[in-house]
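Let me begin by presenting the structure, written as structure tokens, before commenting on it.
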Amino acid sequence: MFARPLAILGLFGALAGVPQPLAAEEAITVFAAASLKNALDDTDAAFSKAMGIKVVASYAASSALVKQIEQGAPADVFISADLRWMDYAAEHKLIKPDSRVNLLGNRLVLIAPQDSKLDHVAIAKGPGDLGFDIAKLAGDGRIAVADVKAVPAGLYAKTALQTLGAWTAAEGKLAMAENVRATLAFVARGETPIGIVYETDAKIEPKVKIVGVFPDGSYPPVIYPAAATAATTNPAVARYLDFLRTGAAKVIFEKYGFSFLIRPVSSRARD
């Protein structure tokens, strides 16, 4: 009569010697500018392989992400595509200021579909009021840009067009998208004959080509700052931000066309 209870006790004893899965996998959540997706996905994979820590990344316009963080979204790290929205996060106490670093740089380019007849467009301010005539380049079509009122890529584009004397003619022909990757898609699908994106975006899309580069000085330097959010208590965040500064991360980011703005450091040893 004791055989069944003894068998059950024996089963429990056997299970006690089997390693059990952790209650929750160690992970961090990163909110990052849409233009970082391919490069950061590779960087996150390298971090996870080295540290055994999962990274969950959410990509969108920097303006949208910081608003989500402000509304309580559970992010551990914020990486913006410009200083403006990171400054906003700092002013509203949404980040840990001592964790902030200006990590990457980028450039603004003019793109067209791969089969476009446009090629080698000289982008410069002309004499007098005759500026860079992007409206004429678009013909009967529209000019794809990210939202010029809030999204970093759109803000940079507007400033560049103003500096080059092209804004007045271009403003009425803009096809604005929610982020720079949506802008890229407009041109890749042939919905607009030209668009303004970051150089790194153009390089990952085979259906578009770069036909011009906006000159330095026509818009503020494109800088990607990264920081831990004020709300995070995740101990893995420091190791993640350390990893973004390493030579291993530098190689990945530069492969995608980003410039690395800091001197690489050694990764913090795993606890």
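Contact annotation: residue pairs with Cβ atoms under 7 Å, 6 or more positions apart or on different chains, pairing a residue in region 75-100 that is within 12 Å of Pro225 (Cβ to Cβ) with a partner that is part of a loop (DSSP other than H, G, I, E, B) and hydroxyl-bearing (Ser, Thr, Tyr), are Met86/Ser80.
Select, from Ser48, Ser62, the only residue that is hydroxyl-bearing (Ser, Thr, Tyr), under 18 Å from Glu178 (Cα atoms) and at pLDDT 95 or above. Result of the check over Ser48, Ser62: Ser62.
One residue alone among Tyr240, Tyr224 is assigned to a helix (DSSP H, G or I) and open to solvent by less than 10 Å² (accessible area, probe 1.4 Å), and that residue is Tyr240. Pairs linking a residue in region 143-163 that is over 17 Å from Ala175 (Cβ atoms) and touching a residue at least 24 places away in the same chain (Cβ under 8 Å) to a residue that is open to solvent by 50 Å² or more (accessible area, probe 1.4 Å) and assigned to a helix (DSSP H, G or I), with Cβ atoms under 6 Å and 6 or more positions apart or on different chains, do not occur. Where helices (runs of 4 or more DSSP H) fall entirely within region 104-211, those with at least 1 residues that are closer than 22 Å to Tyr59 by Cβ and either open to solvent by less than 30 Å² (accessible area, probe 1.4 Å) or touching a Cys at 6+ places or on another chain (Cβ under 6 Å) (or both) are at 152-163, 180-188, 199-203. You will find that of Asp147, Asp129, Asp119, Asp140, the residue that is among the acidic types (Asp, Glu), modelled with pLDDT of 95 or more and more than 20 Å from the chain's Cα centre (by Cα) is Asp140 and no other.
Tally the residues that are surrounded by 19 or more Cβ atoms within 10 Å (Cβ to Cβ) and of a type outside the set (Val, Ile, Thr), restricting the search to region 65-82. Total meeting the criteria: 7.
Could you check, for region 60-67, whether at least one of its residues is under 23 Å from Val197 (Cα atoms), of a type in the set (D, E, K, R), in a helix (DSSP H, G or I) and over 15 Å from the mean Cα position of the chain (by Cα)? Break it down stepwise before answering.
Quick first cut of region 60-67, residues under 23 Å from Val197 (Cα atoms) only: 60-67.
Subsequent filtering for residues that are of a type in the set (D, E, K, R) retains 67.
Now restrict to residues that are in a helix (DSSP H, G or I): 67.
Pick out the ones that are also over 15 Å from the mean Cα position of the chain (by Cα) and you get 67.
Yes, that holds for at least one residue.
Filtering region 239-271 to residues that are within 16 Å of Asp44 (Cβ to Cβ), small (Gly, Ala, Ser) and modelled with pLDDT of 95 or more leaves Ala248, Ala249.
Would you confirm whether any residue within region 190-209 is among the basic types (Lys, Arg), more than 26 Å from Ser116 (Cα to Cα) and in contact (Cβ under 8 Å) with a residue 24 or more places away in the chain?
no
Across region 243-269, the number of residues qualifying as open to solvent by less than 40 Å² (accessible area, probe 1.4 Å), of a type in the set (Phe, Trp, Tyr) and closer than 30 Å to Ala160 by Cα comes to 3.
The values are calculated or read from the model by the stated rules, or taken from the named source; none is laboratory data. Computed from a predicted structure; not experimentally measured. No Cβ is skipped: glycine too gets one built from the backbone with ideal geometry, and neighbour counts run over all protein chains shown. We work out accessible area using only protein heavy atoms, side chains counted, and drop any ligands, DNA or RNA first. Shrake-Rupley method; radii C 1.70, N 1.55, O 1.52, S 1.80 Å.
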